Each structure stands twice: as C-alpha cells, then as structure tokens.
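Some notes on the structure that comes next.
The values are calculated or read from the model by the stated rules, or taken from the named source; none is laboratory data. Here the structure is a predicted model, which is why all the values come from computation and not from measurement. Ideal geometry is used to build each Cβ from the backbone, glycine not excepted, and the neighbour counts take in all protein chains shown.
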Amino acid sequence: MNGIIKPRCVICLEVLSNELVKENKLKVHLEAYHTPFIGKDQGFFPRKEQEIKQNQKRSKMMRRYNFQEQRITECILDQSEKGEINSWK
Ligand SMILES: [Zn+2]
C-alpha cells in the first residue's frame, strides 16, 4: 500500500487518485484540462511543482506579515485617538 503519496496535478492542483496515475490517465487529464501544457519537456512538471511549493510558502509568510502590520496600524490609530501620540503631526 502506498497511501501516503497523493499525486497532484501541478497545474490545477487537483488531487488525482492513485488509480488515475496507475492507469496512466494523467495524460488524459492533461489533454482534457491543460491542452497548452501537452508536449512540455520532462523537466517542466518538477519545476512547476517547486514553483507552487515556493509560492505557498511565500503566501503563508505574506499573510503573517500583513496580519502583524495590521495590528501595528490598529495600535497606532488607537493611541492617536486617545491623543497619546502628538508628535506625529
Ligand atoms: Zn490539472
């Protein structure tokens, strides 16, 4: 049994069943949904996968950064409303 690895289409990120891969229907999926990607070289798909992983990591970091920045802004607004920050103007 090999239930840990879940094959995933690196273009639409759809999780494909193991059966689908076993029966070599990846090509069918490609032909059905991603016609422009047919005939790409062998290195294209691993590259694409790396790209997706990096993007996911980056977007996770960006979310955290935005959250912190928002908190800081709220904090400054809160203080300035109370008149605690006067040196800003
Ligand atoms: Zn796909």
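Summary table
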| quantity | calculated |
| --- | --- |
| Filtered residue count, the range 37-81, keeping only those that are under 15 Å from CYS12 (Cα atoms) and of a type in the set (Phe, Trp, Tyr) | 3 |
| Cβ pairs under 9 Å, 6+ apart, first in the range 42-70 and in contact (Cβ under 8 Å) with a residue 24 or more places away in the chain, second exposed (fewer than 10 other Cβ atoms within 10 Å of the Cβ) and outside any helix (DSSP H, G or I) | ILE52/LEU13 |
| Test: residue in the range 41-50 that is outside any loop (DSSP other than H, G, I, E, B) and touching a helix residue (DSSP H, G or I) at 6+ places or on another chain (Cβ under 7 Å) | no |
| Filter result (surrounded by 10 or more Cβ atoms within 10 Å (Cβ to Cβ), out of contact with any Lys or Arg (no Cβ under 9 Å at 6 or more places or on another chain) and free of Cβ contacts under 8 Å to residues at least 12 places away in the same chain) within the range 31-41 | GLU31 |
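So that you can scan it fast, the table gives a plain yes or no per residue for (1) over 22 Å from the mean Cα position of the chain (by Cα); (2) away from the ligand (no atom under 16 Å from the Cβ); (3) at pLDDT below 85; (4) at negative phi:
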| position | (1), (2), (3), (4) |
| --- | --- |
| ILE4 | no, yes, yes, yes |
| PRO7 | no, no, yes, yes |
| ILE11 | no, no, no, yes |
| LEU20 | yes, no, yes, yes |
| HIS29 | no, no, no, yes |
| HIS34 | no, no, no, yes |
| GLY39 | yes, no, yes, no |
| LYS53 | no, yes, no, yes |
| ASN66 | no, yes, yes, yes |
